[in-house]
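To keep things clear, I will list the structure first and then write my remarks on it.
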Amino acid sequence: MSRFHSMVSRRDFMKAVGLAGAGLGASAAISPVFHDVDEFMSSPTAEWKRPWYVKNRELEDPTVELDWSLMYRSDGIWTGQNNPTQDFFLGAEEGAKRRAAAAAYSANAVKTNQSGMTLRDRALSSGNYMYPITFMGPASSTTPESLGVPKWQGTPEENSKMIRAAMIHFGAAQVGMAEITDLVKTKLVREYDKDFTHKKYMFEDVPKGYEGADKLVFPDKVPLYDFAFTHPLNKEMFRSSPSSDIGSAGNSLRYSQFSIIQPRIQMFMQVLGYTCYGYTRPFNGAIPTIATATLTGLGEGARNNGAFISPEFGPCVGLFSLVTDLPLEPTPPIDAGMWRFCQTCTKCADECPAQCISFEHEPTWDVPKIYGKEDTTHIPGRKQFWTDGIACWSYKATIGGCGACMGTCTFNTDIANIHTIVRATLSTTPVFNSFLWQADKFFGYGVHEDKEAWWDMSQPTLGFDTAHVTVGKDY
């Protein structure tokens, strides 16, 4: 990596791709235009500063093409992570065989001091403790009524800025908002929770939602809003994939952090006089997170349709989504050129040990079969590349875990100037996509050969730059 930084200057790179002197014009062409102060203050970008090349799109129109008429609510049960689902596609005997192989591999790796799966690596992965969380959140004795004041009243724009500030304080990095429209209710909200109890998500004519013995209820006649947020992850830990407890620790930290963040924001909402409907466990939300993160402008879809790419943090981000009755201002999907780039680049597919990521260069509406059976793990209505989740989840456990697709991604880079230039180039000048992909491979960005080197790296707290999104400020 040092070879790239020492040999290619910003000016030389811009000259090489023919963009020298063009940055200001390109920036001005796609930057938002505001006519007065009120219009500026009502814009989500007033408090959320994105790179100049990130362009807003229309609401519910992300870069991955959608056909809403083909979509339906996920049952929340059919997923490649689910053992019964794996057994359906693989057969019970093969499923059991893979799980036995996974257990044996993991046990043997720590005994033989295998790189990436040593005792200290296992201890690191085991240290990501998760706190109990609930759909309705902790009950607070502090409410507007107990304080003798009316509930908080603010415009959707003011509320959105407030929630973004509070969420960043509580541990999130970026926050996007959306209204829970009839389209979202009938197409995106899961039918059942992914938890082992499989409680049903329902909308009832009640003033406030609740959790029942067999259901999780939202109020049907009360306007609801979704706010999705990111928790960035350690890029270097994902580069230790596959077969790495270090990588597993980097991946699972999001859930540990979320189990702290959710009750904080639920308590915050209660004191304001509103409700925040949460997850029942850190892994399970009412709306698929890649869907809502894409629709609220946090980033774009990826070649691996089980992954997601943020313009600022790349693919190594945790995604979560909560529902509230506090009125919020929707944030639109974005176009940062990343989904376009994925259609050229196949680095993640090249690196995938299970070979479950498509190598095609043209996305498709058609969901391919898995082991000769109709794919029940994916919802149609998206023109994308379709990843075999059964092969991914059932195989990676047998090699001690994997996140190689994210670790090797072209966007899994830091915020050095040269990487910012590359992101801007591929966003505005897609003709260079193939060149940039090959350059990325040539200069050696990807998984580490020496997994244990992570322990000697100089790392920021939590493994990511928390000041990355504070444009124009010094910390």
Gained length - Gln459 relative to Asp182, 0.36 nm times residue gap less alpha-carbon distance = 95.3 nm
On the protein heavy atoms, probe 1.4 angstrom, tell me the percent of accessible surface of segment 336-401 carried by carbon and sulfur.
-> 53 percent
Write down the accessible area per residue of segment 41-184 in Å², having rolled a 1.4 Å probe over the full set of protein chains.
-> 54 Å²
Contour minus Cα-Cα distance for Asn83 and Val222 (0.36 nm per residue) | 46.3 nm
Checking segment 84-188 for chymotrypsin sites (Phe, Trp or Tyr not before Pro) in a loop per DSSP with at most 12 other beta-carbon atoms within 10 Å yields Tyr129
Å² per residue, accessible surface of segment 211-254 at 1.4 Å = 25 Å²
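At 1.4 Å probe size, with the rest of the protein present, what percent of the exposed accessible area of segment 117-176 is carbon and sulfur atoms? Walk me through the numbers on the way to the answer.
Values: 2040 of 3250 Å².
Summing carbon and sulfur atoms, their accessible area is 63 percent of the total for segment 117-176.
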Excluding ligands, DNA and RNA, the carbon-plus-sulfur percentage of the accessible area of segment 182-297 with a 1.4 Å probe reads 54 percent
For Tyr72, placing the label point 7 angstrom along Cα-to-beta-carbon and taking segment 171-207, residues whose amide nitrogen sits under 16 Å are 185-192
Residues whose modelled amide H sits under 5 Å from the amide H of Thr364, counting only those 5 or more places away in sequence or on another chain, are Gln384, Phe385
Using Cα positions and a limit of under 30 Å, work out the lysines in reach of Lys55, with same-chain residues fewer than 8 apart set aside.
-> Lys15, Lys161, Lys185, Lys187, Lys235, Lys347, Lys383, Lys441, Lys473
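The values are calculated or read from the model by the stated rules, or taken from the named source; none is laboratory data. A quick note: this is a predicted structure, and the numbers were derived from the prediction, not measured. Backbone-built Cβ (ideal geometry, glycine too); neighbour counts: all protein chains shown. All accessible areas refer to the heavy atoms of the entire protein, side chains included, with ligands and DNA or RNA removed. Shrake-Rupley method; radii C 1.70, N 1.55, O 1.52, S 1.80 Å.
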